[in-house]
Amino acid sequence: MRHDWFHSYSDDNNVWRRGQASMNALKTEARGVSVKEQMLADFTLYVFHGGPQPKLEDYENAQRQSDAAQANKARANGSRPAAVAKVEEG
């Protein structure tokens, strides 16, 4: 998805409206997925406040760690990780 990060500075109301719709779509996509929420927050910080430039590798590693932690928690509770259960039921 392409997004105009500076849509709010436009004098054209149509540009602003499309930008708002695009940002809402990004927020909806990220909602409830901690890695995506963090990516959106970090990139917003980078664009508007000069924070460090986010790198995709950082989030890929975080997602792998999160998946591993969930799998370990599921095993400790005596259940199968959701991804494994879907494949086996599949």
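The values are calculated or read from the model by the stated rules, or taken from the named source; none is laboratory data. This is a predicted model, so every value here is computed, not measured. All Cβ positions, glycine included, derive from the backbone under ideal geometry; neighbour counts span all protein chains shown.
Descriptive notes on the structure:
- Within region 19-56, the set of residues being among the small types (Gly, Ala, Ser), surrounded by 13 or more Cβ atoms within 10 Å (Cβ to Cβ) and either touching a Cys at 6+ places or on another chain (Cβ under 9 Å) or not in a helix (DSSP H, G or I) (or both) comprises just one member, Gly51.
- Yes/no for Ser79 being outside any helix (DSSP H, G or I), modelled with pLDDT under 85 and over 30 Å from Tyr9 (Cβ atoms): yes
- Looking across region 1-36 at every residue that is closer than 21 Å to Glu60 by Cα and of a type in the set (Ser, Thr, Tyr), the one that is farthest from the chain's Cα centre (by Cα) is identified as Thr28.
- Members of region 4-18 found to be hydrophobic (A, V, I, L, M, F, W, C) and part of a loop (DSSP other than H, G, I, E, B), listed by number: Trp5, Phe6
- Odd one out for Tyr59 among (1) surrounded by 14 or more Cβ atoms within 10 Å (Cβ to Cβ); (2) at pLDDT 90 or above: (2)
- Some residue of region 25-41 being modelled with pLDDT under 90 and among the polar types (S, T, N, Q): yes
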